[in-house]
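The values are calculated or read from the model by the stated rules, or taken from the named source; none is laboratory data. Being a predicted model, the structure only gives us computed values, none of them experimental. Methodologically, a virtual Cβ is constructed for each residue, glycine included, from the backbone with ideal geometry; neighbour enumeration extends over all protein chains shown.
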Amino acid sequence: MRQDAVRGHLDGLLLAVLEPAPLHGYAIIIAVQQRSGGALELRTGTIYPALKRLERLGLLRSSWEGTGQRQRRCYELTDAGQRYLATERTAWQDFTTAIGSVLNPVAPQPHGLAT
């Protein structure tokens, strides 16, 4: 899938994979890839600036967690992030319905015939 297909939907994708539980950056990349059946491959240069921006907006919070001698930053949704994700889901449904109506129109019924 083209990388530009994700543009405009990245925030919703990141928030959605963080909804069940906090994840670190690489785990977020893997979660998006797995959920999309391999169709979406995000780059670290794409997600880390987006994660920082979402944190500045108050939609995410992060903390450092240690695994052995390694420290990695984990991200989780805030209450505001949950609300924003719900809004994104509604907007996505509206968008796909509108585009689907254009790309796959329902054949008009002849007059006098009800469906």
Search result, residues across the range 13-41 that are part of a loop (DSSP other than H, G, I, E, B), more than 11 Å from the chain's Cα centre (by Cα) and within 16 Å of GLU76 (Cβ to Cβ): PRO20, ALA21, PRO22
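Out of the residues in the range 72-105 that are outside any helix (DSSP H, G or I) and without any contact (Cβ under 8 Å) to a residue 24 or more places away in the chain, state the one that is farthest from ALA16 (Cα to Cα).
For the range 72-105, the residue satisfying everything is PRO105.
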Residue list for the range 10-25, filter: surrounded by fewer than 17 Cβ atoms within 10 Å (Cβ to Cβ) and free of Cβ contacts under 8 Å to residues at least 40 places away in the same chain: PRO20
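Considering each of THR78, THR90 in turn, give the residue that is β-branched (Val, Ile, Thr) and either surrounded by fewer than 13 Cβ atoms within 10 Å (Cβ to Cβ) or within 19 Å of ILE29 (Cβ to Cβ) (or both). Give the derivation first.
Working: THR78 fails: either surrounded by fewer than 13 Cβ atoms within 10 Å (Cβ to Cβ) or within 19 Å of ILE29 (Cβ to Cβ) (or both).
Step by step, each of THR78, THR90 is checked, and only THR90 is β-branched (Val, Ile, Thr) and either surrounded by fewer than 13 Cβ atoms within 10 Å (Cβ to Cβ) or within 19 Å of ILE29 (Cβ to Cβ) (or both).
Being outside any helix (DSSP H, G or I), out of contact with any Leu (no Cβ under 7 Å at 6 or more places or on another chain) and at pLDDT 95 or above is the filter here; which residues of the range 42-62 pass it?
LEU57, GLY58, ARG61, SER62, listed by residue number.
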Of all residues in the range 26-68 being out of contact with any helix residue (DSSP H, G or I) (no Cβ under 9 Å at 6 or more places or on another chain) and among the acidic types (Asp, Glu), the one that is surrounded by the most Cβ atoms within 10 Å (Cβ to Cβ): GLU55
